[in-house]
Each structure stands twice: as C-alpha cells, then as structure tokens.
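Notes follow the structure.
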Amino acid sequence: MPKPARTLLLVSLSHLVNDWYSLLIPPAIPLLKAVYHLSYVQSGVLVSTPYIVSAILQTYIAYMAEKKAKRVLALKLGFLILSLSFILFYFSDSFLFMVLSALIIGIGLSIYHPQGMGLLANVFKNQKGMALGINGIGGAIGFFLAPVSMGYLLSRFGLKAFLIVAIPGFLMVAILMLCKQEEKPLSITLKHAFSKELILVGFVAMVSPFFSRGISAFLPAYFYSKGQSILDANLMASVMLLAGIIAQPIGGKFSDKFGRKEVIFVSYTSMALFLVLFLLFPNLVLLFLLGFATSVSIPVRHALAAEVGGKSMNTNIAISYTMVMVGASIAPILIGFLIDNFGFNIAFGINTVIALGGAFLLFFVKPQDQALTN
C-alpha cells in the first residue's frame, strides 16, 4: 500500500476510535442519573468536562508535537490515556470522582485531532478537503457506533460497559506502530500561530459542535423519556450520527470545488431548518437529514483553518479545534440546564439561533487569497 494511502487509513481508523470515545458518556446518562441521582445539569457537566480540558490543552500539545516531530507518538499516548481513564470512570463511586475521571478523559481527547489532521494536511497538500472528508468517515462511524455499541453494552452489562470500552484504546496503541510517517521538526513559536482571521474561523467552527453536542448528548435521554428502552433510545439517537458517514466526504469534496465558506453556509442554514422541522414533526427521517446538515461542514472547517493560518498546519487546526471544543463543552451544560427548567423542545430549539448566527459570521471571513495578502 502506498505510504499516503496507509497514512490516510491509519489516521482515519484513529479518528474512528477517538470520536467513538468522545461520545460514550451520553448513552449512559439515563443509567447514571438513576444510579447516582444526577440532574441534567450534572449530566451535562460529565459530558462537557472532557471537552473543556481538550479546549485548554490541545493547542499546546499540538504545538509541542509539531515542534518536536512527535505527532505519531502523541497519538499513541492519547489512546493509552483514554483506555485508562474509562477504567477509572467505572470505579468512580460519586459525581465528584466521575468529574475527575472525565478530566483525564479530556486529556486523552485533546491529542488526536490536531495531530491526525495535521498529518493529512501535510501529506495531501492539494487535496486537503478530499483527504479530511475521507478521514471524516472514520469519525462519523465512531460517532454512529458510540450510542449503538454503548447502548448494547449498557443493556447487557450495566455500567460495567465502561470497563469493556477500554479495550479498543489499547489495541490502537499497537496498531499505530504501523504508522511510519516521516516528520520534520518545525521552527515555530506559539504566539505566531494566532491571527485574527484564524480566531474568526474558530468562532465559525464552534457553531457546529455546539449544535451537534447540545442535541446528541441528550438524544438518548430524550427518547428514553418517551418510554423507549436504553438500547432502543440509543439506536434511535444514532440515526443523527449515521448521516455523517455520507455527509463528511461529500462536504470535503464539494468544498474543494465550490469553496469552504459556501459549503459551511449551506450546512449551517440547513441545520436550523431541519431542527425546526424535527421539533415540529419528530421522526427519524428528519433526524437523519438534521445529522447530514450538521456533519457536512466538519472536514471543511478544518481545511479552512489549515489554509487561513500560517505554515504550522497542526497548530492552525489545533487553534480552530480549541474553539470547536469550547462550543462542545458549553453546549451540554447549557442544554442540560434548559432541559431541567423548560423541557427538551425549548432546550434543543435554542440551537436554531446558534446555527443562523454562525452562517451570518461567515460574511466576515476573508477569502483565502485576501487573508494571505493582508
């Protein structure tokens, strides 16, 4: 297998496992609430904590991994931490210890995206949208499998499922031994990686994860509250995530042809439309379309960040992805609070304003050639 294809395969597999880990707590919320008597706000804290830690750490980790040419080593370390942290989560016997375990999960989740996508952006310089879109299939499959597999494990083994899910991370450490991608240290300083344009792209990028995590974190609980079993509730919730398997490569390819901003704009306005329709007429077809609209911009925001920033693609993506994690970390707590006080429909509905606001913000992002000449 040619080295670029092997790199794409290994990075995409890493993406699958990493993003699978990132959504393993939401499927367990109904059981965690019952066993530990948690509110939806507390449940949202457990979902948000890993994203908060990731937002804080990943830019510096990406900078150091790129500067020292240790991206593959960082990937291995990330999966090792994830496996150990979910074992610790299982042995946590209180809300406080679960939060501490979630902090460590966040350390593991802070590593993959800048390293994996930075590797691909460097290997596929002229086809970043295509490569990141294919890589996005891995992440989308991981998102889809999280509620499906965790729902099954929870229905069979209860909270012991958190012990079982440690296994894939250990396997990924061994598999990544096959990744021999050549790396060169970069002479960069962290402060030079930040720019006004890249920060603006970061604000645009944070809309999609705020929208998706605010809804997907509580979809199993939403269906569970309507009388579904823990397994059926998670299977129904997975429909939104299934769409990303198709949407991400399409979004990446279309952005290479029609432009990054244009694809993101269509994505965000469609998100608002399909969310309103789903809340008015809840069914799985509209949920799938909502997931498609949400996922189609995921690889595009990373490609846009890689192009708008300087030569340090790892750090460019990390800065943008820090904003992604900020959006992902705020949403579950806020949406959980709104569910506690106003119910699911009003809590989910707030995301329409977020999506349309992100679409409007795109008008202030300069085209690539403008950003590079100023």
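Scanning segment 39-94 for residues that are modelled with pLDDT under 85 and either among the polar types (S, T, N, Q) or outside the structural domain of HIS15 (by the TED database) (or both) yields GLN58, THR59. Evaluation of ALA69 against the conditions (1) assigned to a loop (DSSP other than H, G, I, E, B); (2) farther than 25 Å from LEU9 by Cβ shows that the sole unmet condition is (2).
Given the structure, is TYR268 open to solvent by less than 50 Å² (accessible area, probe 1.4 Å), of a type in the set (Phe, Trp, Tyr) and assigned by the TED database to the domain that holds SER320?
Details: open to solvent by less than 50 Å² (accessible area, probe 1.4 Å): yes; of a type in the set (Phe, Trp, Tyr): yes; assigned by the TED database to the domain that holds SER320: yes.
Here the answer is yes, as TYR268 does meet what is asked.
Among the conditions (1) open to solvent by 10 Å² or more (accessible area, probe 1.4 Å); (2) in a helix (DSSP H, G or I); (3) at pLDDT below 95, LEU286 misses just one, which is (3). For the condition among the β-branched types (Val, Ile, Thr) and within 30 Å of GLY158 (Cβ to Cβ), ILE246 does not qualify. GLY108 meets the conditions (1) at pLDDT below 90; (2) farther than 30 Å from GLY227 by Cα in every case but one. The failed one is (1). Which condition does ASP19 not pass, out of (1) in contact with a Leu (Cβ under 8 Å, 6 or more places away or on another chain); (2) under 18 Å from PRO168 (Cα atoms), if it passes all the others? The failed condition is (1).
In segment 240-251, the condition of being open to solvent by less than 40 Å² (accessible area, probe 1.4 Å) and without any contact (Cβ under 8 Å) to a residue 24 or more places away in the chain is met by no residue.
Is it fair to say ARG260 is modelled with pLDDT of 85 or more, basic (Lys, Arg) and crowded, with 24+ Cβ neighbours inside 10 Å?
Working: modelled with pLDDT of 85 or more: yes; basic (Lys, Arg): yes; crowded, with 24+ Cβ neighbours inside 10 Å: yes.
Answer is yes for this residue.
The values are calculated or read from the model by the stated rules, or taken from the named source; none is laboratory data. Because the structure is a prediction, the values reported are computed rather than measured. Here the Cβ is made from the backbone with ideal geometry for all residues, glycine too, and neighbour counts use every protein chain on show. Note: areas computed on protein heavy atoms with side chains; ligands, DNA, RNA excluded. Shrake-Rupley method; radii C 1.70, N 1.55, O 1.52, S 1.80 Å.
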